[in-house]
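A quick write-up on the structure given underneath.
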Amino acid sequence: MALFVGKHVNKIDKKGRVSVPKPFRAALQGRGLSSLYVYPRFKHRSLEACDEEFMTRLSRSLDDLDLFSDDQDDLASVILANAHELTFDPEGRIVLPADLTDYAEIGLEALFVGQGPRFQIWQPKAFEGFSAMAFERAKTRGATLKLARPDAPGEERP
């Protein structure tokens with residue numbers, strides 16, 4: 001699975017094309033991938049992007065919810081129904097669909113934010129506010145992280 005870290009701002013052209021940051025693109029293309037999936041985040045006005053492997057994990061996770069439950073229906077509608085598979089052009093750009101840029105209020109620039117196995121796309125000023133709030137919440141709660149054990153050779157985590 002690709003690993004996405006860091007923040008990168010790129011301009012969006014009049015046709016809605018934006019370059020996926022080189023390290024993010026390299027992580028995907030290095031695995032032979034020529035596209036990614038993008039869908040709206042329902043908790044914040046931003047977008048989530050991932051490879052097909054992660055999208056498949058999301059879909060399987062939705063299958064773990066009770067069939068026809070409100071949670072399963074709502075999350076499938078928010079994530080899967082609104083997801084777009086976006087293919088890289090020869091210059092490493094994708095075209096962000098208008099429904100997604102409208103939702104995330106992304107205009108002339110997009111901020112790509114690494115989140116490990118996935119990344120987010122934000123309107124840059126909106127992320128600044130979110131990031132400051134998230135930092136303060138984590139600090140106030142005294143948030144900690146239990147470090148995952150390293151995988152054994154030849155073993156992958158689910």
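The values are calculated or read from the model by the stated rules, or taken from the named source; none is laboratory data. What you are looking at is a predicted structure, and each value in this text was computed from that prediction instead of being measured. Note that each Cβ is placed from the backbone with ideal geometry, even for glycine, and that neighbours are counted across all protein chains shown.
I'd like the full set of residues that are in a loop (DSSP other than H, G, I, E, B) and either in contact with a His (Cβ under 6 Å, 6 or more places away or on another chain) or among the β-branched types (Val, Ile, Thr) (or both), limited to the stretch 1-58. Listed by number, the residues that qualify are Val5, Val20, Pro21. In the stretch 20-35, the residues that are of a type outside the set (Lys, Arg) reach residues that are surrounded by fewer than 13 Cβ atoms within 10 Å (Cβ to Cβ) and not in a loop (DSSP other than H, G, I, E, B) with C-beta atoms within less than 7 angstrom, at least six apart or across chains, in these pairs: Ser34/Thr87; Ser35/Glu85; Ser35/Thr87.
Asp51 satisfies every condition listed in (1) touching an Asp or Glu at 6+ places or on another chain (Cβ under 6 Å); (2) closer than 25 Å to Thr101 by Cα except (1). For the stretch 112-134, the set of residues classified as touching a Ser or Thr at 6+ places or on another chain (Cβ under 9 Å) and under 21 Å from Leu28 (Cβ atoms) consists of Val113, Gln120, Ile121, Trp122, listed by residue number. The condition of being assigned to a helix (DSSP H, G or I) and charged (D, E, K, R) holds for only one of Asp99, Asp151, that being Asp99. In the stretch 61-113, of all residues being polar (S, T, N, Q) and within 16 Å of the chain's Cα centre (by Cα), the one that is nearest to Val9 (Cα to Cα) corresponds to Thr101.
When Lys139 is tested against (1) of a type in the set (Lys, Arg); (2) closer than 30 Å to Lys14 by Cα; (3) free of Cβ contacts under 8 Å to residues at least 60 places away in the same chain, just one condition goes unmet, and that condition is (2). Residues of the stretch 87-97 that are surrounded by fewer than 18 Cβ atoms within 10 Å (Cβ to Cβ) and either closer than 14 Å to Ile121 by Cα or among the aromatic types (Phe, Trp, Tyr) (or both): Phe88, Val95, Pro97. Does at least one position in the stretch 67-85 carry a residue that is within 19 Å of Ala26 (Cα to Cα) and not hydrophobic (A, V, I, L, M, F, W, C)? Checking the stretch 67-85: at least one residue is within 19 Å of Ala26 (Cα to Cα) and not hydrophobic (A, V, I, L, M, F, W, C). Filtering the stretch 94-110 for residues that are modelled with pLDDT of 95 or more, closer than 19 Å to Phe54 by Cβ and among the aromatic types (Phe, Trp, Tyr) leaves an empty set.
Selection within the stretch 1-15: residues that are over 18 Å from the mean Cα position of the chain (by Cα) and modelled with pLDDT under 95. The member of this set that is surrounded by the fewest Cβ atoms within 10 Å (Cβ to Cβ) is Lys14.
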